[in-house]
Amino acid sequence: MFNEEKIKSFSTTDMRIYNYILKHSIQFPYMSIRELAEEIPTSTASIMRFVKKMGYDSNGIKLNKTNTIR
């Protein structure tokens, strides 16, 4: 997903999000941003900042009506 240099630049919150996604790769694509934030736990804003670090902007991420990342 990311190279080692990028991972080293992650904040503590970024690492929690990253590790959760790695450990729950099957469930993750079907979760809403709110569900993901509650599970980690973190804020929805932190999830969106992480998404931007992944190279997507808020318009580039595909969301359905429940804000599920697709």
>> Could you list, ordered by first residue, the pairs with Cβ atoms under 9 Å in which the first is in region 44-57 and farther than 17 Å from Pro29 by Cβ and without any contact (Cβ under 8 Å) to a residue 12 or more places away in the chain and the second is among the aliphatic types (A, V, I, L, M) and part of a loop (DSSP other than H, G, I, E, B), at least 6 apart or interchain?
In response: Lys52/Ile61
> Identify, please: which residue in region 33-44 is more than 10 Å from the chain's Cα centre (by Cα) and not in a loop (DSSP other than H, G, I, E, B) and is, among those, surrounded by the most Cβ atoms within 10 Å (Cβ to Cβ)?
Replying inline: Glu35
>> Suppose we filter region 3-32 for residues that are farther than 10 Å from Phe50 by Cβ and of a type in the set (Asp, Glu); how many remain?
In response: 2
> How many residues are hydroxyl-bearing (Ser, Thr, Tyr), more than 12 Å from the chain's Cα centre (by Cα) and either closer than 17 Å to Tyr56 by Cα or open to solvent by less than 100 Å² (accessible area, probe 1.4 Å) (or both) if we restrict to region 1-32?
Replying inline: 2
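The values are calculated or read from the model by the stated rules, or taken from the named source; none is laboratory data. As the structure is a prediction and not an experimental result, all values here were calculated from the model. Reconstructed Cβ throughout: ideal geometry from the backbone, glycine too, with neighbour counts over all protein chains shown. We work out accessible area using only protein heavy atoms, side chains counted, and drop any ligands, DNA or RNA first. Shrake-Rupley method; radii C 1.70, N 1.55, O 1.52, S 1.80 Å.
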